[in-house]
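The values are calculated or read from the model by the stated rules, or taken from the named source; none is laboratory data. None of the values given here were measured: they were computed from a predicted structure. Virtual Cβ from ideal backbone geometry, glycine too; neighbours counted across all protein chains shown. For accessibility, only protein heavy atoms count, side chains too; no ligands or nucleic acids. Shrake-Rupley method; radii C 1.70, N 1.55, O 1.52, S 1.80 Å.
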Amino acid sequence: MSRLAVKGLCIDLGGRPILRDVGFEARPGEFVALIGPNGAGKTTLIRAICQLLPCRAGEAAWDGRRLDRMDPRSRATSLAYLPQGQAIHWPLSVRRLVELGRLPRLGPLSRPAPADKAAVEAAMDAVDVTGLAERDATTLSGGERARVLLARALAVEAPVLLADEPTASLDPYHVLEIMTLLRRTADAGRLVIAVMHELGLAARFCDRVVVLNGGRKVGDGPPREVLTRAMVRDVYRVDLEALPGLESLRAAP
């Protein structure tokens, strides 16, 4: 069975160690939350898996193939990456922006096929932006932009979706909609890994949480087993009782 295997990743930025010997495995059908305090290395880990940052040591592999040895097209059709806070600089329509997600699947000078158009329509419908299809993407609000960029990532139809804070800038209704969509995406057979700060959402929607602190992995497992009072106190320096949305975890040790 396919799997994402991250082994012993060490990343230095500006001469400073950011990740230290981080590893985990995840499989299609899982929704994994990557959590930890600010500066823990979550975004760095996502970017390293996508081969956007050089590794001092370690590796990441998908389906037994090292990602740094894949050709760019194969890697782009295996991993879909949704960065946080991405700006839109060109006056493209929303539909055209989402269509860019299909580029890794098109040959040189190829025109989109019916399957490509269907994938774009399905992605826009999934995140509730079909009504924005003809809008200039540079005129979108922050929440609209976040949903459109998620649609672009979904349109890739990659087996792995890596999302960095996918609910940032969204109102409560669309936060729940996006989390439900990501849950369904995993249930449909893709691997979804999302950087998150909302522990309550991670506990409600995710199968696993991988906890980073100080560049090291300090927890990995089902939310109820990992998000204990002791872990939250040690990693986040707050008491579990003070955090909203974690009622199901109150009895955890």
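If you take the beta carbon distance between residue 96 and residue 173 as r and set R0 to 25 Å, what does 1/(1 + (r/R0)^6) give as a FRET efficiency, to the nearest 0.05?
0.40
Which far-off residues, 5 or more places away or on another chain, put their amide H under 5 Å from the one on residue 92, with H placed in the peptide plane?
137, 138
Can you tell me the FRET efficiency between residue 38 and residue 121 if r is taken as the Cβ-Cβ distance and R0 is 35 Å, rounded to the nearest 0.05?
Working: r = 37 Å, r/R0 = 1.07.
Once rounded, the FRET efficiency stands at 0.40.
For residue 42, give me every one of the aspartates and glutamates with a C-alpha distance below 13 angstrom, ignoring sequence neighbours fewer than eight places off in its own chain.
Answer for residue 42, where 13 Å is the Cα cut-off: 164, 165, listed by chain and number.
Ignoring ligands and nucleic acids, what accessible area does residue 49 show with a 1.4 Å probe (Å², nearest 10)?
Roll a 1.4 Å probe over it and residue 49 shows about 0 Å².
State the extension gain, in nm to one decimal, for the chain segment bounded by residue 225 and residue 187, taking 0.36 nm per residue of separation less the distance between their alpha-carbons. Walk me through the intermediate numbers first.
Details: separation 38, 0.36 × 38 = 13.68 nm, distance 2.13 nm.
Stretched out fully, the residue 225 to residue 187 stretch lengthens by 11.5 nm.
Taking Cα atoms, how many degrees apart are the long axis of helix 114-126 and the longest axis of the chain, rounded to 10 and kept between 0 and 90?
50 degrees
If I take every Cα pair under 8 Å that is 6 or more residues apart in the chain, average their sequence separation and divide by the length, what percent do I get for the relative contact order? Write out the running numbers ahead of the final one.
Details: 476 pairs, mean separation 64.9, N = 253.
Rounded, it is 26 percent for the chain.
Just for the chain, what percent of DSSP beta bridges are antiparallel, to the closest 5? Before the final figure, lay out the partial values.
Working: 20 of 37 bridges.
Once the DSSP bridges in the chain are tallied, antiparallel ones form about 55 percent.
Put a dot 7 Å past each Cα toward the Cβ at residue 86 and residue 66; how far apart are the dots in nm?
2.7 nm
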